[in-house]
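Step one of this worksheet: look at the structure below.
The values are calculated or read from the model by the stated rules, or taken from the named source; none is laboratory data. Here the structure is a predicted model, which means the values were calculated and not measured. Using ideal geometry, Cβ is built from the backbone for each residue, glycine included, and neighbour counts are taken over all protein chains shown. Keep in mind that these areas ignore ligands, DNA and RNA; they rest on the heavy atoms of the full protein, side chains included. Shrake-Rupley method; radii C 1.70, N 1.55, O 1.52, S 1.80 Å.
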Amino acid sequence: MAERIVFEGELDLEHLNLIKAHSAREMYVEELAQIAERDERIVITCADVGAGGKIGEFKEKYPDRFIDTGIAEADQVGVSAGMAFNGKIVYLAGFGPFLALRALDQVHTDVAYQNIPVRIVSTHSGLTSGGGPTHYNIMDLAVMRDLPNMTVIAPSDSAQCIKAIRATLEYPVPVCFRIARGAEPAVYTTQDYDYEVGKAITALDGTDLTIIATGSLVALSISAANGLAKEGISVRVIDMHTIKPLDKDAIVKAAKETGHIITAEDHLITGGLGSAVAETLADAGIGVPFRRLGIPGEDFPPLGDCYELYAHFGYDPEGIKRAVRELLGK
């Protein structure tokens, strides 16, 4: 790459010194409020997600375009589908695990099967909810990417979430955005980079190994790659912000050019990004040393802070560095 577009140095997760952090949960609503000023089709539905922050401001400013169904996600999906079918641009703000599991029948039948362009904003991704096994959103990628007609996007930081919102404003098909609970590290030091749904971004170039990461794991992977560079290990980091449609060409190219692939995701290692990359390599007949980083899935994750759990499962920056060394035989 001609110019570095991501942060330098390593993230100090022990003290949560996250370079510069913003909340995608707040910023996407702020963006929608601005769009709503000029587009009366914008509607937000929620299922008792609270009335504070930016979503509370949206509700106050546009009370006739904000619908709270209460703790009834299935109803929320049905209402959203009906409004979108009648020409509204509906953003369904919801708690990730409930949308992927509790309301799956409605997402499947009312949205995906009907191919209605509801925008599902699935929050508290991965282990970021801090709410324990019943509230971890760790199966949603496996579920959502298997639904026909569904586009699945996991922005790497809050500013990229805004790029994704803008890029899909007039999308004629359903979209699921996967974002974290709160402040996430800012990955990109400039917004002057191309963003296209379905096209991965080479966030950091390298020649020895490629880490293909999604969501908040992009920042942790870059942190690890920056540390490994001091050891003479050159790591490429691919920001796979779109899980479906997947950029298969970027995966194949990385495998051929660097010869080693690691995937990193805040999700079960089965069914999500790691599985999608493995399927792509198998279909292309490419055999390279390969490892999936994420939640193993033999047991439900314990209750804990997400960064502590990342370290526990080996996909914090130190765990990622360790996996790279092991795969390279160093």
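Some points to look at:
- Carbon/sulfur fraction of accessible area - the chain, other protein chains in place, 1.4 Å, %: 49 percent
- Its Cα gyration tensor gives segment 160-291 an equivalent ellipsoid, and the semi-axes of that ellipsoid, as √(5λ) in whole Å with the largest first, are 23, 19, 13.
- Simple spin-label estimate for ALA21 and ALA167 in nanometres, 7 Å along Cα-Cβ: 2.5 nm
- Extension gain for LYS330 to LYS230 (0.36 nm times residue separation, less C-alpha to C-alpha distance): 34.6 nm.
- Nearest 10 degrees, 0 to 90: helix 248-258 Cα axis against the chain principal axis: 20 degrees
- Sorted largest first, extent of segment 42-187 alpha carbons per principal axis (Å): 37, 36, 30
- Relative to one another, the C-alpha centroids of segment 136-185 and segment 212-277 are positioned 17 Å apart.
- Residue among ASP283, ASP48, ASP105 with the largest mean-square fluctuation in a Gaussian network model of the chain, springs linking Cα atoms under 10 Å: ASP283
- Amide hydrogen neighbours beyond the local backbone of ILE269, cut-off 5 Å, H modeled: ILE295
- Heavy-atom accessible surface of the chain, averaged per residue, reaches 41 Å², computed with a 1.4 Å probe.
- Computed P(r) (all Cα pairs; the chain; 20 Å bins; percent): 34, 57, 9
- With respect to the chain, whose longest principal axis is taken over its alpha-carbon atoms, helix 273-283 is tilted by about 60°.
- Unit charges at the beta carbon, dipole of segment 1-152: most positive-side option, ALA93, ALA36, THR123: ALA36
- For the pair LYS256 and ALA282, the difference between a 0.36 nm per residue extended length and the Cα-Cα distance amounts to 8.0 nm.
- Derived scalar couplings between HN and Hα for segment 129-145 equal 5, x, x, x, x, 6, 10, 7, 9, 10, 10, 5, 5, 4, 6, 5, 6 Hz in order, rounded to whole Hz, by the Karplus curve 6.51 cos²θ - 1.76 cosθ + 1.60 (θ = phi - 60°), x for Gly and Pro.
- Quarter of Cα convex hull surface for segment 52-101, i.e. mean projection, nm²: 3.9 nm²
- Acute angle (nearest 10 degrees) that the helix 217-229 long axis makes with the longest principal axis of the chain, alpha-carbon atoms: 20 degrees
- Once all protein chains are placed together, ILE212 keeps about 0 Å² accessible to a 1.4 angstrom probe.
- Residues with amide H under 5 Å from that of ALA264, placed H, sequence gap 5 or more: ILE212, ALA213, THR214, LEU293
- Of ILE35, ILE165, ILE55, the one that fluctuates the most in a GNM where the chain has Cα springs shorter than 10 Å: ILE35
- Kirkwood hydrodynamic radius computed over segment 215-330 comes to 14.6 Å, based on all pairs of distinct alpha carbons.
- Under the criterion of Cα pairs below 8 Å and six or more residues apart, the relative contact order for segment 219-294 equals 29 percent.
- Cα point-scatterer Debye curve for segment 90-145, base-10 log of I(q)/I(0) at q = 0.22 Å⁻¹: -0.80
- List PHE66, PHE290, PHE300, ordered by accessible area with a 1.4 Å probe, largest first: PHE300, PHE290, PHE66
- About the centre of its Cα atoms, the chain shows a dipole size close to 460 debye [charges on the beta carbon of Lys, Arg (+1) and Asp, Glu (-1) only; nearest 20 debye].
- Counted by Cβ distance under 13 Å from SER216, the other residues give a net charge of -3, where Lys and Arg count +1 and Asp and Glu count -1.
- Counting only protein chain heavy atoms and rolling a 1.4 Å probe, the accessible areas of LYS61, LYS244, LYS88, LYS230 rank, largest first, as LYS230, LYS61, LYS88, LYS244.
- With contributions of -39500 (n - 2.57) from each DSSP H run of at least four residues, the per-residue ellipticity at 222 nm computed over the chain stands at -9500 deg cm²/dmol.
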